[in-house]
Amino acid sequence: MAGTPADVPEPCQVVWEATGNTGERKRRTSGVDTVAQQVSKLPAPEAPKLPKPRARTAVFYDLDNLSSVAEYLDVTDDELILATRARVAGRELPGPASTEDVTRFERIVGHPMPELLKRMYLEVANGGFGPSKVLSLTDTDKWFGDRADIAMAYDDFAADPDYPLPPGIVPLMNRGCAMWTLIDFRTADGQMWDWDPNLCCLPHALAPLEQSLAQWLTDWLHDVMPDGPYPHRKLSSRDCPNW
């Protein structure tokens with residue numbers, strides 16, 4: 001008969017009976033015994049594994065859908081530039097900064113700007129990129145936070161007589177609730193720092209994040225950046241007597 005397997009004669013009588021093994025039943029078809037696995041419930045699929053918080057990962061981007069996915073591969077600065085452009089395409093940010101803007105601020109800090117941050121300002125926008133929007137290099141009439149530009153924020157931190165920032169540490173982004181993300185101009189890869197006086201006290205508000213600007217941006221592009229205090233910082237703050 002057309003469409004009928006040659007090794008199963010008609011009429012085909014199928015009888016199911018228990019074999020004594022969990023999850024199995026015996027199938028008897030026309031005197032020929034076969035064993036079939038009964039799949040009553042498939043195991044729940046594992047949740048996708050996110051990259052390690054401080055691991056450097058590659059970012060693949062979709063310019064049409066403005067989406068990005070991180071994988072466990074090396075990432076280049078060029079990839080991060082393109083992925084950041086795609087991510088902020090709908091933000092209506094100011095145009096890129098000029099090399100003169102970069103040089104002027106480097107003179108204020110007394111250290112060269114980390115190369116990736118410089119490229120972000122020159123090739124993406126003069127501020128507004130990142131999770132809570134990085135400060136502009138110059139006043140563009142668009143405030144990203146409560147400061148007009150990065151120089152104003154740097155001057156305000158430097159003016160604090162009790163808890164001034166170490167030379168070369170620059171406030172980069174206001175995270176709200178007095179929390180700031182900062183970057184170390186003394187390091188070529190732009191090591192990131194955190195300022196959070198809410199955890200315990202002002203003397204311990206500043207602490208390194210132990211990740212580069214590239215790693216920090218990758219966390220943002222992959223949506224694993226915490227909205228509040230960084231978990232490892234919250235844990236370490238418990239050693240403070242003011243906790």
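Taking Arg147 as the residue in question, decide whether it is within 17 Å of Ala214 (Cβ to Cβ) and in contact with a Leu (Cβ under 8 Å, 6 or more places away or on another chain). Lay out the reasoning, then the answer.
On the way: within 17 Å of Ala214 (Cβ to Cβ): no; in contact with a Leu (Cβ under 8 Å, 6 or more places away or on another chain): yes.
Here the answer is no, as Arg147 does not meet what is asked.
Please go through the stretch 121-144 and give me each residue that is of a type outside the set (A, V, I, L, M, F, W, C) and surrounded by fewer than 21 Cβ atoms within 10 Å (Cβ to Cβ), ordered by number. Lay out the reasoning, then the answer.
Step one: list which residues in the stretch 121-144 are of a type outside the set (A, V, I, L, M, F, W, C), which gives 121, 123, 126-128, 130-133, 136, 138-142.
Glu123, Gly128, Pro131, Ser132, Lys133, Thr138, Asp139, Thr140, Asp141, Lys142 - these are the residues of the stretch 121-144 that are of a type outside the set (A, V, I, L, M, F, W, C) and surrounded by fewer than 21 Cβ atoms within 10 Å (Cβ to Cβ).
In the condition set (1) in contact with a Ser or Thr (Cβ under 8 Å, 6 or more places away or on another chain); (2) more than 26 Å from Asp219 (Cβ to Cβ); (3) aliphatic (A, V, I, L, M), Ala158 is compliant with all but (1).
Taking the stated definitions as given, is Asp160 among the charged types (D, E, K, R), surrounded by fewer than 21 Cβ atoms within 10 Å (Cβ to Cβ) and under 14 Å from Tyr230 (Cβ atoms)? No. Please find, within the stretch 79-90, the residue that is farthest from Leu122 (Cα to Cα) out of those that are without any contact (Cβ under 8 Å) to a residue 40 or more places away in the chain and outside any helix (DSSP H, G or I). Checking each candidate, the answer is Gly90.
Starting from the stretch 192-220, keep only residues that are more than 14 Å from Pro171 (Cα to Cα), then list their pairs with residues that are polar (S, T, N, Q) whose Cβ atoms are within a distance under 7 Å, requiring at least 6 positions of separation or different chains. Matching pairs, first to second residue: Leu199/Ser237; Cys200/Ser237; Cys200/Asn242; Cys201/Asn242; His204/Ser237; Ser212/Gln191; Leu217/Thr84; Thr218/Thr57. Taking Trp195 as the residue in question, decide whether it is buried (at least 18 other Cβ atoms within 10 Å of the Cβ), touching a Phe, Trp or Tyr at 6+ places or on another chain (Cβ under 6 Å), over 21 Å from Thr84 (Cβ atoms) and not hydroxyl-bearing (Ser, Thr, Tyr). When the stated conditions are applied, Trp195 passes them.
Checking the structure you have, find out if any residue of the stretch 157-166 is among the hydrophobic types (A, V, I, L, M, F, W, C), more than 19 Å from Leu135 (Cα to Cα) and out of contact with any helix residue (DSSP H, G or I) (no Cβ under 8 Å at 6 or more places or on another chain). No; the residues of the stretch 157-166 include none that is among the hydrophobic types (A, V, I, L, M, F, W, C), more than 19 Å from Leu135 (Cα to Cα) and out of contact with any helix residue (DSSP H, G or I) (no Cβ under 8 Å at 6 or more places or on another chain).
No lab work stands behind these numbers, since they all come straight from the coordinates. A quick note: this is a predicted structure, and the numbers were derived from the prediction, not measured. Methodologically, a virtual Cβ is constructed for each residue, glycine included, from the backbone with ideal geometry; neighbour enumeration extends over all protein chains shown.
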